[in-house]
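The values are calculated or read from the model by the stated rules, or taken from the named source; none is laboratory data. As the structure is a computational prediction, the values presented were derived from the model and not from experiment. We place every Cβ from the backbone using ideal geometry, glycine too, and count neighbours over all the protein chains shown.
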């Protein structure tokens, strides 16, 4: 029988807790108002946050080019041009296979419905039974039906594309000016702080956020690239067409912990059902991707990121669900970096140290957690 966990007070420092209930209530109200504002202004804040995160990742490269006597303006332009070229190349590379799969969508849906006829029949029977029960409870005089008309599909797609283009342009322009400004933005913040202690604390927090988030995003990008390459190879060995598409999809989905891999498994399973007749062969690409993700998530990621980002996994899941509800897919992508940033700030402000301790996960807990 395992012994109950104990708290070793000699190894832990005392964490201050807020005692002023009025101040705590005001902070809670301010937090709720801030979250409501972020919910309403997501179209503005999401591009800004993405630009700041990319700045943290790309700033060391710009500084390296500046150290090689390249003007900062040209260094920022060069780094931004390489990033845009990579995105454009990936888009061009994937546009053809995506178009082919979309063109086959009507036929694919019919084939999936045929293969899942038994499951569809069960759902149809349940729906019919529910409809019969509703009819039994209806009055003789049914209320007049009301037709709800919405905007046409073309308007919806156009507005979505326009919003995406506007957000992308905002990210590019803001990222360029952030890279050109370098550390001047931080210097302006430090100059307006009242005391030397506040100035040192602001510099320490900013550099720690930049170091942790840039290392995290860089490491995750390398790991996701490995997952994408292995997934593409596995799809090719299974005989699934367009392995570059599935590798790129695995690469992108892996940025969203837990939810992204689940979507990837479902997409690969559907693609397998559309391509192969035997069920085991149809599910093999999804099984290979699941095995790759288990190895990456349980072995590689804890080894590489244990000292860089130790967040409570329960808090991570809650943050993913919450920010997905707030901002959709963009919120899920930004959830972990924003949570890490908030933890770093809490760890370095004495009055928030208890919150930072709650959000974190110690090395002993990570080693003791099940694989």
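Just to be sure before I move on: is residue 233 surrounded by fewer than 18 Cβ atoms within 10 Å (Cβ to Cβ), over 24 Å from residue 51 (Cα atoms) and out of contact with any strand residue (DSSP E or B) (no Cβ under 8 Å at 6 or more places or on another chain) in the structure I sent?
Spelling it out, residue 233 is indeed surrounded by fewer than 18 Cβ atoms within 10 Å (Cβ to Cβ), over 24 Å from residue 51 (Cα atoms) and out of contact with any strand residue (DSSP E or B) (no Cβ under 8 Å at 6 or more places or on another chain).
Consider residue 256 carefully, then state whether it is surrounded by fewer than 19 Cβ atoms within 10 Å (Cβ to Cβ), touching a residue at least 12 places away in the same chain (Cβ under 8 Å) and within 18 Å of residue 221 (Cα to Cα).
Values: surrounded by fewer than 19 Cβ atoms within 10 Å (Cβ to Cβ): no; touching a residue at least 12 places away in the same chain (Cβ under 8 Å): yes; within 18 Å of residue 221 (Cα to Cα): yes.
Considered against the rule, which asks whether it is surrounded by fewer than 19 Cβ atoms within 10 Å (Cβ to Cβ), touching a residue at least 12 places away in the same chain (Cβ under 8 Å) and within 18 Å of residue 221 (Cα to Cα), residue 256 comes out as no.
Quick check on residue 161: is it surrounded by fewer than 17 Cβ atoms within 10 Å (Cβ to Cβ), within 23 Å of the chain's Cα centre (by Cα), part of a helix (DSSP H, G or I) and modelled with pLDDT under 80?
Working: surrounded by fewer than 17 Cβ atoms within 10 Å (Cβ to Cβ): yes; within 23 Å of the chain's Cα centre (by Cα): yes; part of a helix (DSSP H, G or I): yes; modelled with pLDDT under 80: yes.
Yes: the conditions hold for residue 161.
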Exercise. What pairs come up if the first residue lies in the stretch 30-42 and is closer than 12 Å to residue 326 by Cβ, the second is outside any helix (DSSP H, G or I) and at pLDDT below 85, and their beta carbons are under 9 Å apart, counting only those six or more places apart or on different chains?
Worked result: 42/328
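Give the stretch 174-198 a look and list any residue that's assigned to a loop (DSSP other than H, G, I, E, B) and either touching a helix residue (DSSP H, G or I) at 6+ places or on another chain (Cβ under 7 Å) or surrounded by fewer than 12 Cβ atoms within 10 Å (Cβ to Cβ) (or both), or say none. Steps first, answer last, please.
Of the residues in the stretch 174-198, the ones assigned to a loop (DSSP other than H, G, I, E, B) are 182-183, 193-195.
Across the stretch 174-198, the qualifying residues are 182, 193, 194, 195.
Please list, ordered by residue number, the helices (runs of 4 or more DSSP H) wholly in the stretch 19-122 having 3 or more residues that are touching a helix residue (DSSP H, G or I) at 6+ places or on another chain (Cβ under 8 Å) and either farther than 30 Å from residue 270 by Cβ or at pLDDT 85 or above (or both). Don't jump to the end; show me each part of the working.
On the way: elements: 21-40, 42-67, 72-103, 105-115.
The qualifying helices (runs of 4 or more DSSP H) are 21-40, 42-67, 72-103.
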